[in-house]
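Each remark here refers to the structure printed beneath this line.
The values are calculated or read from the model by the stated rules, or taken from the named source; none is laboratory data. Note that the coordinates shown come from a computational prediction; the quantities given were computed from them, not determined experimentally. Neighbour counts run over all protein chains shown; Cβ positions are idealised from the backbone, glycine included.
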Amino acid sequence: MALDSDDKLRELQPLRAKSNGPHESQVFDAEAEAALAGAQAAIAYPTAQFATNLWICLDNLEVAIRLLSPSTGSSQEIFESFRTLAAAWPLRKRLPHTKSGSIQIRWVPGHAKIPENEAADLAAKEGAASIPPAPHKSSYASLKRYAKTQSLSAAQSQWEKVAPQSYQDLEITTSPKRPGELQLNRLDLGHVIAARTGHGDFADYHERFNHDDAYLLCRCGARKAPLHFFFCHIAKRRAPRPPGPPSEVISFLLGTAKGAQKLATWLAETHFFEDICPRQPLLST
């Protein structure tokens, strides 16, 4: 931040000002708050009466754009206060020959070894390490982020309470993003979900719901089960399964998006559900 006279910048020591704004804030809020505090300090600076313009340099482009423009979202009060201060700058106490001038905003690249910007960053770090005022307020951006974090945490806590045991065994968690398994086609996705839940073309499932017309056996002679695809000796002869201990490989195949994709590829190579373990026995020709 610098003051100029006759449109020529004077070299000044960085103006430091304590901020009484929200402690619980994001970088965006802190930058806006610092600009306001700096401008307030500059307008009270003894040499302000000799200056024409007040130059504020920021390495946060969004804050630089919004400081003198109508703003919505986080830190509205800060931006409104800054615009009020900017309007008051030409009315400040100044010498008769000094022009009214204005507050000018300029963006400067961060981490470019600009001495003044490096000094400002150092002052910001010192401020961040200081004890916050009490009681402190939270900004809109920080509350929004806090609410998002809390909602994700609450969803995960609820999931841990209600998740089926099979999902807990596979260590399948909730996700705020679109699960990668949804990239599979519907048939392959159905096989993965059936193996996870135990709700599908399995002997125990058919017996529980008295499906008298269901076929309960695989071609290898074993009862159909959610994890039978992994142990079926006919399938193992057709295509090797992923190496590793069964407990780890099964958790990978059924518990991760990458594993589900590999399982879908393996099922297609072996024709497991079409030929080896079909819903109904294949007709002999």
- Query: If you check every pair at least six apart or on different chains, which have Cβ atoms under 8 Å apart with a residue in region 224-246 that is free of Cβ contacts under 8 Å to residues at least 24 places away in the same chain first and a residue that is assigned to a loop (DSSP other than H, G, I, E, B) second?
  - Reply: 225/202; 230/241; 231/222; 233/220
- Test set (1) closer than 16 Å to residue 94 by Cβ; (2) touching a residue at least 24 places away in the same chain (Cβ under 8 Å) - residue 41 fails condition number: (1)
- Query: When region 237-285 is examined, which residues are found to be in contact with a Phe, Trp or Tyr (Cβ under 9 Å, 6 or more places away or on another chain) and farther than 26 Å from residue 183 by Cβ?
  - Reply: 280, 281
- Query: Can you tell me which residues in region 199-208 are within 23 Å of residue 189 (Cα to Cα) and either in a loop (DSSP other than H, G, I, E, B) or out of contact with any Lys or Arg (no Cβ under 7 Å at 6 or more places or on another chain) (or both)?
  - Reply: 199, 200, 201, 202, 204, 205, 206
- The lone condition residue 278 fails out of (1) in a helix (DSSP H, G or I); (2) surrounded by 15 or more Cβ atoms within 10 Å (Cβ to Cβ) is (1)
- Item | Unmet requirement for residue 61, which otherwise passes all of (1) under 24 Å from residue 142 (Cβ atoms); (2) loosely packed, with under 14 Cβ neighbours inside 10 Å; (3) without any contact (Cβ under 8 Å) to a residue 40 or more places away in the chain | (3)
- Just to be sure, is residue 163 of a type in the set (A, V, I, L, M, F, W, C), at pLDDT below 80, out of contact with any His (no Cβ under 9 Å at 6 or more places or on another chain) and surrounded by 10 or more Cβ atoms within 10 Å (Cβ to Cβ)? no
- Item | Subset of region 66-117 [at pLDDT 85 or above, part of a loop (DSSP other than H, G, I, E, B) and within 16 Å of residue 29 (Cα to Cα)] | 67, 68
- The lone exception for residue 241 - which of (1) surrounded by 17 or more Cβ atoms within 10 Å (Cβ to Cβ); (2) within 30 Å of residue 153 (Cβ to Cβ); (3) among the basic types (Lys, Arg) it fails: (2)
- May I ask you to list the residues in region 196-212 that are in contact (Cβ under 8 Å) with a residue 40 or more places away in the chain and touching a Leu at 6+ places or on another chain (Cβ under 8 Å)? 196
